[in-house]
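Beneath this line is the structure, given in structure tokens, with notes to follow.
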Amino acid sequence: MTTATIAAQGVGVRFRFDRQRRVVTSTLARLRRRGTETWGIRDVTFALAPGDAVALVGASGSGKTTLLRTLAGVLCPDAGRLLVRGRVASLLSVDAGLTPALTGRENALLLGVLAGMPRSHIRRALDELRDWTALGDAFDRPISSYSQGMRARLSFAIAMQAMPSILLLDEVHEALDHDFRELVEAEAHRLLRRGGMLVAAGHDHPLLERLCNRGLWLHEGSVAADGTFDDVRRAYVP
Amino acid sequence: MPAPSRPLPRLASIERQAAATEIEEPRTAVPPLAHVRALAAGVGLDVLLALTESDLRARYGRGGFRLVKWLLDPFALVGVYLLLVTFVIHRPGLAAGLSLACAVIPFQLVMLSVTNGLGSVASRSSIILNMGFQRTLIPLAGALTETLAFGSSLLLVALMMAAYAIAPTLAVLWLPVVLAVNVLVAVACAYGASLFGLWFPDLRALAISFVRAMFFLAPGLVALADIRGRAHDLLPLNPLSGLFEAYRSVFLYGRSPQAWQLLVPAAAALLVLAVLLPVYAREQREFAKVL
């Protein structure tokens with residue numbers, strides 16, 4: 001695994017709205033002219049070193065998900081510069097990219113390829129993935145028949161199968177059962193020991209404390225505090 | 001459920017691959033056409049195949065029933081009319097049913113690609129909102145999905161030729177070229193439809209009506225040879241006209257397609273792609289904002 005790097009300098013992500021207050025792309029906003037805009041995150045600057053695990057804390061709507069999506073490559077910065085080096089695995093929702101009409105096997109193949117693995121390699125790994133997720137026959141049934149826990153376990157297994165050096169979690173680990181939390185923690189610690197990085201957003205501070213050594217407090221889209229997790233938590237919740 | 005502490009099994013080959021393919025990605029520096037160039041270099045082939053395969057299963061299900069559906073789909077458009085003119089009405093003109101099939105079947109590919117394209121971004125929303133990938137390939141994968149379905153409906157042409165006792169000639173050697181132009185038009189329409197569906201989600205039904213109108217503004221129901229006057233001169237401006245007439249040349253008239261029948265639709269498709277691909281490459285950066 002090559003050295004993972006995340007460096008953000010003055011990163012901003014802007015959302016534009018038309019007169020009907022629908023979010024529009026920049027091209028359409030230019031054509032429609034009149035409209036408003038807001039920044040999901042603005043002037044965000046931080047850098048992570050290998051082995052860093054950062055907890056994003058802040059109120060709902062403070063920009064945590066927008067920042068995670070930007071790090072995942074889901075959104076592109078409208079301002080500033082962002083350098084992400086390393087393979088990224090992201091679980092930004094419990095479903096984490098799963099397509100309901102496809103089976104677990106088909107989803108694993110699709111998401112594995114989209115994550116950067118060659119088709120031939122992920123095909124060979126499918127049976128191991130089925131055994132590890134303990135989905136049994138359900139692995140060949142559509143995702144729409146899965147429970148939330150089964151979906152989370154499958155999407156997490158697919159994400160980790162791609163051997164990421166950067167793991168992004170958005171409150172996923174908070175919504176699920178004790179077994180799944182332990183699983184996420186164990187895999188996250190393995191990743192960090194290999195020199196990977198973890199960025200996790202959430203409101204469960206005891207869990208974040210077990211996962212993360214650093215904290216980043218986002219307030220109205222900007223960084224309000226950056227430091228050790230304890231310092232940031234004290235600043236956020238005095 | 002397995003013990004949570006058990007590490008994920010990984011193939012050694014995957015670990016080697018993971019180490020080899022990590023990239024440095026200064027996101028702000030990615031030029032809009034980077035994805036297009038990557039595809040041209042074959043980098044996105046695995047992604048394209050995976051998207052197409054999943055699209056095929058999500059849209060058409062699994063098993064042999066898919067073939068039946070693909071065969072019946074062209075009938076859904078003008079099927080009753082086709083049966084009537086072939087077996088009941090005996091409309092005047094050269095093999096009216098086959099002539100109609102030569103228009104309906106290529107149009108079916110265009111229509112399905114537009115329908116697929118209009119919802120292609122929304123139907124991938126769960127993936128788009130979770131991870132970065134070559135989103136520029138989404139409409140292309142949709143058009144390829146519909147091309148596979150379209151391949152089955154070509155059997156309808158064979159059925160019509162048998163019904164009218166028209167034997168194939170050496171002109172069928174042109175079929176691969178005609179099919180390639182048809183797919184090119186479908187791909188161009190898929191990119192346009194995908195952008196339209198993204199920008200104007202409320203107007204998707206209007207887009208479908210517009211494409212249907214283009215069918216009737218081309219020699220779809222009646223061959224160009226049977227149309228007189230000014231309309232005969234103007235209809236070839238519609239790129240679909242060349243496409244329909246090329247199929248008629250190959251299957252109905254048994255002769256090589258005229259140059260304009262291939263060049264007009266191909267040039268129109270390339271022009272659309274030249275304009276829309278850079279726009280699409282720029283817009284895909286903001287898909288997650290509007291979903």
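Computed quantities for the displayed model
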item	result
Set B:Leu217, B:Leu224, B:Leu198, B:Leu243: member being among the hydrophobic types (A, V, I, L, M, F, W, C), within 27 Å of B:Leu156 (Cα to Cα) and either touching a His at 6+ places or on another chain (Cβ under 8 Å) or within 14 Å of chain A (Cβ to nearest Cβ) (or both)	B:Leu224
Among residues of the stretch A:211-238, those that are surrounded by 15 or more Cβ atoms within 10 Å (Cβ to Cβ) and either of a type in the set (Val, Ile, Thr) or without any contact (Cβ under 8 Å) to a residue 60 or more places away in the chain (or both), counted	4
Residue check, A:Arg42 more than 9 Å from chain B (Cβ to nearest Cβ), on the phi > 0 side of the Ramachandran plot and out of contact with any helix residue (DSSP H, G or I) (no Cβ under 9 Å at 6 or more places or on another chain)	no
Among (1) in contact with a helix residue (DSSP H, G or I) (Cβ under 9 Å, 6 or more places away or on another chain); (2) under 26 Å from A:Gly73 (Cβ atoms); (3) surrounded by fewer than 22 Cβ atoms within 10 Å (Cβ to Cβ); (4) more than 10 Å from every other protein chain (Cβ to nearest Cβ), the one test that A:Arg141 misses	(2)
Sole residue being without any contact (Cβ under 8 Å) to a residue 40 or more places away in the chain, assigned to a helix (DSSP H, G or I) and in contact with a strand residue (DSSP E or B) (Cβ under 9 Å, 6 or more places away or on another chain), chosen from A:Glu128, A:Glu106	A:Glu106
Test result for B:Leu252, of a type in the set (A, V, I, L, M, F, W, C), touching a Ser or Thr at 6+ places or on another chain (Cβ under 8 Å), in contact (Cβ under 8 Å) with a residue 40 or more places away in the chain and away from chain A (no Cβ under 14 Å)	yes
The listed residue being more than 10 Å from chain B (Cβ to nearest Cβ) and under 20 Å from A:Leu167 (Cα atoms), out of A:Val54, A:Val11	A:Val54
The stretch B:33-58: number of residues that are farther than 15 Å from B:Ser123 by Cβ, more than 9 Å from chain A (Cβ to nearest Cβ) and at pLDDT 90 or above	1
Matching residues in the stretch B:178-198 - criterion: being among the polar types (S, T, N, Q) and over 11 Å from the mean Cα position of the chain (by Cα)	B:Ser194
1 or more residues within 12 Å of the chain's Cα centre (by Cα): qualifying helices (runs of 4 or more DSSP H) within the stretch B:87-147	B:96-118
Residue ID - nearest to the other protein chains (Cβ to nearest Cβ), chosen from residues in the stretch A:57-86 that are basic (Lys, Arg) and buried (at least 20 other Cβ atoms within 10 Å of the Cβ)	A:Arg69
First in the stretch B:127-138 and over 13 Å from A:Val74 (Cβ atoms) and hydrophobic (A, V, I, L, M, F, W, C), second anywhere and modelled with pLDDT of 90 or more and in a loop (DSSP other than H, G, I, E, B), Cβ under 8 Å, 6 or more apart	B:Ile138/B:Arg124
Count of residues meeting criterion [in a helix (DSSP H, G or I) and either under 30 Å from A:Ala59 (Cβ atoms) or more than 9 Å from chain B (Cβ to nearest Cβ) (or both)] in the stretch A:161-180	6
Residue satisfying condition, being out of contact with any helix residue (DSSP H, G or I) (no Cβ under 7 Å at 6 or more places or on another chain) and of a type outside the set (D, E, K, R), within set A:Ser120, A:Ser90	A:Ser120
Answer from B:Val290, B:Val275 - the residue that is β-branched (Val, Ile, Thr), touching a Phe, Trp or Tyr at 6+ places or on another chain (Cβ under 9 Å) and under 30 Å from B:Ser125 (Cα atoms)	B:Val290
The stretch B:182-213, residues that are closer than 18 Å to A:Leu31 by Cα and without any contact (Cβ under 8 Å) to a residue 60 or more places away in the chain	B:Trp199, B:Phe200, B:Asp202, B:Leu203
B:Glu245 over 30 Å from A:Arg22 (Cβ atoms), of a type outside the set (Ser, Thr, Tyr) and either free of Cβ contacts under 8 Å to residues at least 24 places away in the same chain or crowded, with 20+ Cβ neighbours inside 10 Å (or both)	yes
Candidates B:Ala274, B:Ala288 - the one that is over 22 Å from B:Val222 (Cβ atoms), buried (at least 23 other Cβ atoms within 10 Å of the Cβ) and of a type outside the set (S, T, N, Q)	B:Ala288
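Residue-by-condition table, conditions (1) surrounded by 15 or more Cβ atoms within 10 Å (Cβ to Cβ); (2) over 25 Å from A:Leu191 (Cβ atoms); (3) within 8 Å of chain B (Cβ to nearest Cβ):
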position	(1), (2), (3)
A:Val94	yes, no, no
A:Thr99	yes, yes, yes
A:Gly104	yes, no, no
A:Ala115	yes, no, yes
A:Trp132	yes, no, yes
A:Ser145	no, yes, no
A:Gln148	no, no, no
A:Leu154	yes, no, no
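The values are calculated or read from the model by the stated rules, or taken from the named source; none is laboratory data. Owing to the predicted nature of the structure, the values given are computational and were not obtained by experimental measurement. Every residue, glycine among them, receives a Cβ derived from its backbone with ideal geometry; neighbour counts consider all protein chains shown.
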